[in-house]
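The values are calculated or read from the model by the stated rules, or taken from the named source; none is laboratory data. Please read all numbers here as calculations on a predicted model, not as lab measurements. Quick reminder, even Gly has a Cβ in these numbers, built from the backbone with ideal geometry, and neighbours come from all protein chains shown. Ligands, DNA and RNA are excluded from the accessible area calculation, which covers all protein heavy atoms including side chains. Shrake-Rupley method; radii C 1.70, N 1.55, O 1.52, S 1.80 Å.
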Amino acid sequence: MLFRSGTTPTIAASYNVSSITYNGTGDWTATFTNAMTDANYAVAGFARITAAGGIFQGANDTSFTTTTFRFGTTNNTGTFANPLYATFIVHGN
């Protein structure tokens with residue numbers, strides 16, 4: 001999944017993600033098009049904050065449901081920041 005940042009994120013390639021919700025600076029919720037079988041899935045990602053890079057942070061496991069998960073994006077010093085773009089993959093049923 002690839003999205004471009006902003007208070008109204010733009011999904012460039014969805015792969016079972018119907019929307020990205022902006023919860024505040026560097027705080028996002030992804031909603032699946034088709035629900036996962038259970039909440040036991042893994043998420044890995046990358047966030048490009050600046051030319052120097054950025055960090056994609058998964059939220060604690062209580063944010064994972066069959067239809068959504070919440071995640072964060074930070075700059076290289078750990079401060080929440082909106083990325084130029086972010087990408088992630090989800091592995092599960």
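Take each of the peptides 34-40, 22-28, 81-87, average the number of other beta-carbon atoms within 10 Å over its residues, and list them starting from the highest.
Working: 34-40: 12.6, 22-28: 16.1, 81-87: 19.9.
In decreasing order of mean packing, 34-40, 22-28, 81-87 become 81-87, 22-28, 34-40.
Tell me the label only: which of [x] 1.00; [y] 1.13; [z] 1.18 is Cα Rg over 2.2 N^0.38 Å as calculated from this structure?
Entry [x].
Per residue, how large is the accessible surface of the chain? Use a 1.4 angstrom probe and give square angstrom. Provide the component values of the computation, followed by the final result.
Working: 4970 Å² over 93 residues.
That works out to 53 Å² per residue.
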